[in-house]
1. From the Cα trace of the range B:170-247, what convex hull volume per residue do you get, rounded to a whole Å³?
2. Between B:A129 and B:D153, take the C-beta separation as r, use R0 = 30 Å, and let me know the FRET efficiency to the nearest 0.05.
3. I need the Debye-formula profile for the protein assembly as shown: one equal scatterer per C-alpha, no solvent, reported as log10 I(q)/I(0) at q = 0.07 1/Å, two decimals.
4. Principal axis lengths of the range A:307-358 from Cα atoms, whole Å, largest first?
5. May I have the convex hull volume per residue, in Å³, for the Cα set of the range A:145-292?
6. Pulled fully out, how much extra length does the chain show between A:L162 and A:R23, if you take 0.36 nm times their separation in residues and subtract their Cα-Cα distance?
7. At what distance in angstrom do the alpha carbon centres of the range B:54-89 and the range B:169-231 lie from each other?
8. Provide Rg over Rh for the range A:255-358; use the alpha carbon set for both Rg and the Kirkwood Rh (inverse mean inverse pair distance).
Amino acid sequence: MSVSDTDVEEVPAPSRESTPRRRTGYVAGLFVLLVLLLLSAVVVLIAQGSIAIPIGEVLRILTGQGTESEINQTIVMDARLPKVVAGLLAGAALAVSGVQMQTLFRNPLAEPFVLGVNSGAILGAAIVILGTSGVGWLAGLGVVSQLGVTGAAVAGAAVVLLITLGISRRVGNPVVVLVIGVMLGYLAEAGVDMLVYYTDPDRLQALTTFRRGSVRNVTWNELQIVGITCGAVLGVSILLAQPLNALLLGERYAASLGINVRRVHFLSLASVAGLAGIITAYCGEIAFIGLAAPHLARGLLRTADHRLVLPASALTGAIIVLVAEFIAGGNGITSTSLPLTSVTAFVGAPVILWVLMSGRARRGTQ
Amino acid sequence: MTEETRPALQTLALSAGYRKRRRHPGVTVLHDVELVARPGELITLIGPNGAGKSTLLRTLVGAQPPLAGRVLLDGQDLATLSPRHRAQRLAVVLTEPVDVGLMSVEAVVNLGRLPYRSWVGGEKEQDRAAVDRALADADVAELRDRMLTDLSDGERQRVMVARALAQEPAVLVLDEPTAFLDVARRIELAAMLTRLTTTTGAAIILSTHDLGFALRRADQVWLVGPDATVTASAPEDLAYSGAITRTFAGANMSFDDAAATIVVADADGDPGATVHVAADGRLRQWAEHAVRRAGWTSTEDISGPVLKVMHGTPCLWQLDGTEGLGFESLVIHLTSRRAPQ
């Protein structure tokens, strides 16, 4: 007895001392790595393209030290930087939406694209654009009508989100909810097709390109709106980290911890609709980021704690979108350009398969 | 227990149930409930299915408003407390197992500190101390770095208790904590809860279907009867007065005082087949068990047949000149003697 007693007492003591410190170091290292990866993705994406610009010069221009070449200055600041900033915002916004949806739906497969939230946003935007007979697809619209279109996209996203959430509370089974979400997405897209086809068949092509996602056509003017709104909503989402942690225990436990569950649900749903709606209005549909980034972040961090998962997912999402943009045509090696979704599917689809195979979807948690 | 002790939880003329809603008529499940839970008491809540145990618990923790009357938590009306202040005094452990995904035991217990933090607030020294204490009190300190999903049901249950303790509650409510546990884990949990009443000073209220557990451990039993009332009493008073038998026992059932549980009564109840068991201690208990199983009744009357049982493995028994080894042969003998009657 006495021998085993001393064994039991001695083993946990050192682990309690060292584990938290090692863990803090690991988490900090991971965040540093993600930030470095993101920064290098930004620089490489700006340097590469149909005209390659030396990385040193890119850094000089970005840090405001000026350059001899006016052309390079224009390429970096007006052509490539907006694209990179848009990609960064889109990745972060979609990833943060994904994290929140997975917790709210208690479904590891929930994500704006998969559950048709993006399609709802497109439908909302399409109704306003076609109703106001604008010239192009967002391009050419004034700031006021841009805001109108963005608002409609957010509203469309919110409607689909509410419908799927209502269904998911009744059905419960994550895989069934997934199928229902996909169906809702198809319905919304069919609605868009009908609208566009009957009003102006010529714009169908433009819509198809838009729908499949691109960060290349976003201008500085548009970025001001996207940046401010997304930044604000991302801030709100980070504030929701602790209540979302409580929701991991289930709504009854969260309520017993003094959390106003309805208010957290409302704020979180509003922020998801805002982020997914705004990004879809300006960059089109970028699939699977909300799925791939959170699962990667949770796997790397080995925790579901939203205080860590939300920022880590935002960084991961931004990196994935920038890398996808590089592969999709920003590399200057090929002259073709792919839709972003065609690239992100290579990351997202395996994650869905992995979640389904590992049986997490059956248990209905993350 | 002094008279001056302020109740941790008290109900005043409480009626619990459901208000009238669209297409749902209002239902009063319980009325005129007067209960007092003092600090450090272990209280078990028992009652048949559907009598209103869950409704009462939900009303006591503020998850549903009372139809009439009041619930006082630490002397303050539950309805006027903000959810946050309520969570600082009252913690719950629910029946259904939680599945939080990738969370360490420590992180889950740490969630119990949320009522003390703002949405952006970090962990203070006080929070860390409370988490450490909760982990130690619930006996899960050595599991703190493990993932909740990797634990057994019993361990997970204890972690959820630790999470509740981290709220530093005056009242801890557990909804059927023994539901998913095997016998050994139940006994562990019972011992732990008894210990917690002294270490934390909290009043612990738990609902259970396990009558033996409810009666053996409780300072006070709240019995939810079929007549929409709740009787609060010492476990012995409830058992001795027959209140438990009246509430739980269906036809052909009776309350076995020794086992502290409801048993099936003998269908025929043949009064002629009585025997006096001459043995002591455990041997006597199990000999009487064998006698009952054979359809006989054990009696104090030594004028009739006397069954002598002697220690040994197997035991040696003697009855009216017949003798045998082990209880199996005894039951066969008794059954065969009863059959021709």
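Each value in this text was obtained by applying a stated rule to the coordinates, not by laboratory testing. Model, not experiment: these values are computed from the prediction. So basically every Cβ, Gly included, is an ideal-geometry build from the backbone, and we count neighbours across all protein chains shown.
1. 99
2. Details: r = 29 Å, r/R0 = 0.96.
E(calc), rounded to 0.05, equals 0.55.
3. Summing over Cα pairs of the protein assembly as shown leads to -0.64.
4. 39, 27, 13
5. On the way: hull volume 19.0 nm³, N = 148.
Convex hull of Cα atoms, per residue: 129 Å³.
6. Stretched out fully, the A:L162 to A:R23 stretch lengthens by 46.2 nm.
7. The range B:54-89 and the range B:169-231 have Cα centres spaced 19 Å from each other.
8. Numbers: Rg = 16.3 Å, Rh = 15.5 Å.
Across the range A:255-358, the Cα-based Rg/Rh ratio is 1.05.
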